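The structure appears below as structure tokens.
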Amino acid sequence: MATPQRDVTRLLLEWRDGNPHAFDEMAPLVYDELRRLARSHLRRERPGHTLQSTALVHEAYLRLVDQKDVSWQNRSHFYGIAAQMIRRILVDHARARHTHKRGEAAPRVTVDEAVGVHQSPDLDVVALDDALTSLAEIDQRQSRVVELRYFAGLSLEETAEVMELSPATVKRDWTAARAWLKRELTRGA
């Protein structure tokens, strides 16, 4: 009997190979996990955040459906791409809000709060995104590790699988990236 993880991988491969119905078949299998990720991220947002988890999942779903040039590998790869989509949606939403409410101070957050050591309702997603973009200019791999761990909620082992690295390498990158982000976000505060 196939497990849901294997079903997701099988359907992703079918979708990659041109079966237009495979993504629709896969959607119910990944929806709950995407909602869990969305709720987790939105809990870290400021109180009164206007974006709801269902809307975040639906927007991510629409963006995922439009992915034509992705060579899907497996379930973990899918959640890695979903993490990128969720990150972009949250950052776009935060930037639009900041543009709309100029002059209102953006909440600050420590890197430990930002990358999952403590959950904070005051996460400044824009500041974290800017810091991750800066980190990517220095070390793309460390930035990707943070993105997968934080935005996709992947474990060290799942991150290692997606990135085709050893768990020890991912752990070193995670530790180094958190230290770098802490310095950058503290400097910007």
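Look through the stretch 156-189, keep the residues that are loosely packed, with under 14 Cβ neighbours inside 10 Å and part of a loop (DSSP other than H, G, I, E, B), and return whichever of them is modelled with the highest pLDDT.
Ser166
Take the residues in the stretch 133-155 that are part of a loop (DSSP other than H, G, I, E, B) and closer than 12 Å to Ser76 by Cβ; name whichever of them is modelled with the highest pLDDT.
Residue satisfying both the conditions and the ranking: Ser155.
Within the stretch 37-95, can you find the residues that are of a type in the set (Phe, Trp, Tyr), under 13 Å from the mean Cα position of the chain (by Cα) and either farther than 21 Å from Val162 by Cβ or surrounded by fewer than 18 Cβ atoms within 10 Å (Cβ to Cβ) (or both)?
Scanning the stretch 37-95 gives no hits.
Of the residues that sit in the stretch 1-58 and are closer than 18 Å to Asp92 by Cβ and hydroxyl-bearing (Ser, Thr, Tyr), which one is modelled with the lowest pLDDT?
Within the stretch 1-58, the match that is modelled with the lowest pLDDT is Thr50.
The values are calculated or read from the model by the stated rules, or taken from the named source; none is laboratory data. Just so it is clear, the model here is predicted, and its values are computed rather than measured. With ideal geometry, Cβ positions are generated from the backbone for all residues, glycine too; neighbour counts draw on all protein chains shown.
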